[in-house]
1. How many residues does region 138-149 contain that are in contact with an Asp or Glu (Cβ under 8 Å, 6 or more places away or on another chain) and β-branched (Val, Ile, Thr)?
2. Cβ-Cβ under 7 Å, sequence separation 6+ or interchain: first residue in region 38-50 and crowded, with 16+ Cβ neighbours inside 10 Å, partner part of a helix (DSSP H, G or I) and of a type in the set (Lys, Arg). Which pairs?
3. What's the number of the condition Leu33 fails, among (1) of a type outside the set (Asp, Glu); (2) in a loop (DSSP other than H, G, I, E, B); (3) closer than 15 Å to Lys111 by Cα?
4. Quick one: which of Lys76, Lys160, Lys80, Lys111 is free of Cβ contacts under 8 Å to residues at least 40 places away in the same chain, closer than 28 Å to Ile204 by Cβ and in a helix (DSSP H, G or I)?
5. Go through region 126-160 and give me each residue that's charged (D, E, K, R) and under 15 Å from the mean Cα position of the chain (by Cα).
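FYI, it's all coordinate maths here, none of it is from the lab. Fair warning: this is a prediction, and the values are worked out from it, not measured in the lab. A quick note on method: Cβ atoms are made from the backbone with ideal geometry, for glycine too, and the neighbour counts reach across all protein chains shown.
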Amino acid sequence: MTYTVKEIYLTIQGEGVQTGVPAVFLRFSGCNLWSGREVDRKEAICKFCDTDFIGINGVNGGKFNTADELASVVEKIGVKSAQKWVVCTGGEPLLQLDTALIHALHSKSFKIAVETNGTIKAPKGLDWICVSPKANTEIKQNFGNELKLVYPQSENEPRKYENMDFDFFCLQPRDDSYLGKGKISHEKAVIDFCLKNPKWRLSIQSHKYLGIA
């Protein structure tokens, strides 16, 4: 399999339960809920995406012909700690992340996290599964470590997910910067919801406040 990768870089996890953890971010190109092109946003299933996942022109991006080749690049970028994490994201990483790559990354002593929209069932062997469900989709990955819901979403009430088998439930203010509105207007709504529904915890995109990738 050829892996098409937008970018690979070392950073600090900025959101969700693992906020603050150093990790290599492996961002795959492509998604099944939006083409990534602004001209298609209005017709997309996911209309509020804030990520550029088109092409292979990001730092360390490219096409990788084997899992071992890609894992070696991740290793060179590296996390110099006893617990090494690589976060597979996108776009939608489960369009490409397969058993061969999982084995290759594990052979380099990485723990593997995935951030997925949940419409594709995850392969076995992942160390952390974060599902971020979107309205009007069928959730096939209905268990994992973390469910992280962007809020608000029409037709996507948080309580509908509370009986799913996740260890943590996070609510994250929707970033409307693509509309020129930012995300401030949604933060109070998220805080109020979490205070009234303590099963949910607040997730803030701290990397945006800090100005890091």
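1. The number of residues fulfilling the criteria is 0.
2. Lys47/Arg41
3. Leu33 satisfies every listed condition except (3).
4. Values: Lys76 fails: closer than 28 Å to Ile204 by Cβ; Lys80 fails: in a helix (DSSP H, G or I); Lys111 fails: in a helix (DSSP H, G or I).
Step by step, each of Lys76, Lys160, Lys80, Lys111 is checked, and only Lys160 is free of Cβ contacts under 8 Å to residues at least 40 places away in the same chain, closer than 28 Å to Ile204 by Cβ and in a helix (DSSP H, G or I).
5. The answer is Asp127, Lys134, Glu146, Lys148.
Results for (1) among the small types (Gly, Ala, Ser); (2) over 20 Å from the mean Cα position of the chain (by Cα); (3) more than 20 Å from Gly16 (Cα to Cα), shown as yes or no for each residue.
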site	(1), (2), (3)
Phe64	no, yes, yes
Asp68	no, yes, yes
Ile77	no, no, yes
Lys84	no, no, no
Cys88	no, no, no
Lys111	no, no, no
Val114	no, no, no
Gly118	yes, no, no
Pro123	no, no, yes
